[in-house]
Amino acid sequence: MSISTDWLLPPGAAAMTIKRSAPADLGAAPLGFRGRIRAVNPIAGSLPPEELERRLVELGFVEGAMVELLHQGLFGADPIAVRVDGVTIALRRREAAAVLVEAAD
Amino acid sequence: MNEIRSLSRDQRVALVGRPNCGKTALFNALTGSRQKVANYPGVTVERKEGALATPAGRQVKLLDLPGTYSLRARSPDEVVTRDAVLGRLAGETPPDLFVCVGDATNLRLCLRLVLEIKRTGQPMVFALNMFDIARHRGMSIDVARLEAELGVPVVTSVAVRRGGTAALLAKVDEALAAPHTPHAAEGWSEPDAAGVRRLQKEADRILRAAVQHPEAPDTVTARLDKVLLHPVAGLAILLAVLFLMFQAVFTWAAPVMELIKGGFDALGLWVGTLLPEGLLLSFIQNGLIAGVGSVLVFLPQILVLFLFILLLEDFGYMSRAAFLMDKIMGGAGLHGRAFIPLLSSFACAIPGIMSTRVIDSRRDRLATILVAPLMTCSARIPVYTLIIGAFIPDRSVGGVFSLQGLVMFGLYTAGIASALGVSFLLKKFVFQGAPPEPFMLELPDYKRPDARNVLMGLYQRGLIFLKRAGTTILAMMCVIWVLASVPRPPEGATQPAIEYSLAAKIGHAMEPIIAPIGFNWQIGVALIPGMAAREVAVASLGTVYAIENAEEEPAELGSALAGKWSIATALALLAWYVFAPQCASTLVVVRRETGSLGWMWFLFGYMLALAYAAAFVTYQGAVLLGLG
């Protein structure tokens, strides 16, 4: 299994990293991240890119929606629970990487 | 012509909506107990239909379509809904009206589905369900504006309150009064990503125009999730819930099970006083009453287990459980959503396998179906308790645990471990190369479980189980009885009657195969009827030994076995039952759900191989240790 080790950092350290450089995608966002969706990109992975994009859009991940990373799993900080404009969606970081975000001020 | 026809016949209305939107609660409120549960032809998707009369006196047949997130149909359930909405479902008359049900507290994703269905051109009404909760939370929904923006009639409803559906029924009347001809939708095609995005953005625009969210949003769900989805505390609570559930399955159900067992025993004795000794009495006593009774006795356990599952589902916890377990199950190559089906399989693999339909990906679904029968179902319990009671000494280990309880726990653990192991191997060798299916699902807001919903669900589960007991298992018991009774022993026979039967011939024929795993011919005989259902083996052993020991004092089966078998044989039989594919109904359901005879035989083959290997190793190991 290949898991990005960033998620093993203590929460404080992760938060500090974020202040310096905001994550580009939701898959790399730390717990508590709040931001806005810039784009939903078809990326290759577990599904054909177009299908992944459609499924994300169907769950409410559209440009401009506000997102907040509410919860994450125990192992590898995965999966994550994200509040998207009032709806809570659970997904894995691998798929969340297709959602490009910018931090809210 | 069409109009005359549509006046003279029952009108058809179909409910469509997302999962968790209160659609089933609304269906129950509208139809009460006038429901019929069956399957759609050719697929094992549950078809629920009810009857109701509208205020204007129309007789309406209401169809509760499976929940769906979109018309893009990714699971067999969603295919049924899509085809029904498009009016092209085989064997179904296209409905006169669709009622799209939406959760008023959570409209964002509902509205996209409404727009999607509207695009098909089918006649529809949008019901804003749970409107009371939305208002209570301080949301203000401009129904007239919503109606204008969506371009379909909108009505509010409160499924769980008396009279909460009056406005909806009036609207249904109004819509059905308009002249119409039910028809199939033409020219629908699956939207691409841009199309889906356009619909969602349009839904968002309408939402902003018609719905005002409160200044201070509801925080109950957020506060509960802080604890229930906590990485550590959440898992601990999940384990505690499961522990409580299994305690309940075994302790709450026990008194009722005793009662049922006592009832069937009494019934058997009573029949014995009515009929003369002979073939007919034997058939009724041993074939019908004992056979059906040995299965019905599990009804309480299945009901308790489903009570927990339905409560947790209605509360909104099940998707959280899937979230918490996703990574852990993923390590074994299973999907987070496989958690619920595998949990159900502790009661019985059949509802477990049927609930794998929530898993979108065929590969993940197949993996779950193939390992579900390894979970220790309640049919194994009588076999386990019989053998443990007879062979494992009743003493405590370390002063705290009972040795018998530990063996039972060990058997459950063996089941779970083998399920995880097999799915890991499947991922490694059978489904190699396939990328893992994404895990994406909505975590709905928590809500108080609705008593009517839960009871209705419980009633339907119980009914399905009873039907199975009344058909498959009853039929198998008749076959078994014939095998064990025919041919009759010759005049002046010295040996027990069963020695002359077909069953004994089969048992003896099996001896060379089963001797290396320590089984005698009587066990071999019991294994054959045990194919119908595992617990039947206990009844069969009872019959075999009862007839064999007819000369001696009738003893309890357990103590009779203790005198006849070695500990090695008993342990081998326990090991056998952890894996053995001994349940014809499960195999039938696997064939139906996978749509393939090949996967059914694969399941049968690998489980049989594991069972034989486990029993062989256990028996030979025990003999080496001097327990033979």
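Residue by residue along B:190-203, Cβ atoms of other protein chains within 10 Å of the local Cβ number 4 on average.
In this calculation the C-beta distance from B:ALA209 to B:LYS428 is compared with R0 = 51 Å, giving a FRET efficiency of 0.45.
In chain B, helices alone account for a calculated mean residue ellipticity at 222 nm of -17500 deg cm²/dmol, with every DSSP H run of four or more residues adding -39,500 (n - 2.57). Could you work out how far helix B:362-371 tilts from the main Cα principal axis of chain B, as a 0 to 90 degree angle to the nearest 10? Approximately 30 degrees, to the nearest 10. Taking other C-beta atoms within 10 angstrom as a stand-in for reagent exposure, B:ILE416, B:ILE359 fall in the order B:ILE416, B:ILE359, fewest first.
By the beta-carbon count within 10 Å of each Cβ, the least crowded to most crowded order of B:ILE260, B:ILE392, B:ILE480, fewest first, is B:ILE260, B:ILE392, B:ILE480.
Each label was represented as a point 7 Å from its Cα along the Cα-to-Cβ direction; for B:ALA254 and B:ASP394 these points are 1.1 nm apart.
For the protein assembly as shown, the normalised intensity computed at q = 0.05, 0.09, 0.12 Å⁻¹ comes to -0.30, -0.89, -1.35 (log10 of I(q)/I(0), Debye sum over alpha carbons, equal scatterers, no solvent). In order along the range A:55-67, the phi-based Karplus estimate (6.51 cos²θ - 1.76 cosθ + 1.60, θ = phi - 60°) of 3J(HN,Hα) comes to 5, 5, 5, 4, 8, x, 7, 10, 3, x, 5, 7, 10 Hz; Gly and Pro are listed as x. Relative to the longest principal axis of the Cα atoms of chain B, helix B:253-274 runs at roughly 60 degrees. Taking the average, over residues, of other Cβ atoms within 10 Å as the packing measure, peptides B:198-204, B:605-611 rank B:198-204, B:605-611 from highest down. Over the range B:388-527, Cα pairs under 8 Å with separation of 6+ residues give a relative contact order of 9 percent. Relative to the Cα centre, the charge distribution of chain B, modelled as +1 at Lys and Arg Cβ and -1 at Asp and Glu Cβ, gives a dipole magnitude of about 1680 debye. Remark on chain B: Rg and Dmax equal 28.0, 93 Å (Cα only). For the set B:LYS36/B:LYS327; B:LYS226/B:LYS327; B:LYS48/B:LYS118; B:LYS23/B:LYS171; B:LYS201/B:LYS226; B:LYS48/B:LYS447, the pairs lying more than 27 angstrom apart at their alpha carbons are B:LYS36/B:LYS327; B:LYS201/B:LYS226. One equal scatterer on each Cα of the range B:2-218, no solvent, Debye formula: the resulting log10 I(q)/I(0) at q = 0.13, 0.17 Å⁻¹ is -0.72, -1.26. Placing R0 at 25 angstrom, the Cβ-Cβ distance between B:GLU202 and A:LEU31 gives a FRET efficiency of 0.15 after rounding to 0.05.
Among beta bridges identified by DSSP and lying wholly in the protein assembly as shown, the antiparallel ones come to about 65 percent.
For chain B, the longest principal axis of the Cα atoms and the long axis of helix B:451-468 meet at an angle of about 40 degrees. If both residues of a DSSP beta bridge must be in chain B, then about 45% of such bridges are antiparallel. A Förster distance of 35 Å, applied to the separation of the beta-carbon atoms of B:ARG88 and B:THR471, puts the FRET efficiency at 0.65. Here the range B:8-62 has an Rg and Dmax of 12.1, 36 Å, counting Cα atoms alone.
Computed from the coordinates by the stated procedures, all read-outs in this text should not be read as laboratory data. What you are looking at is a predicted structure, and each value in this text was computed from that prediction instead of being measured. Neighbour counts are summed over all protein chains in view; Cβ atoms, including those assigned to glycine, are modelled from backbone coordinates with ideal geometry.
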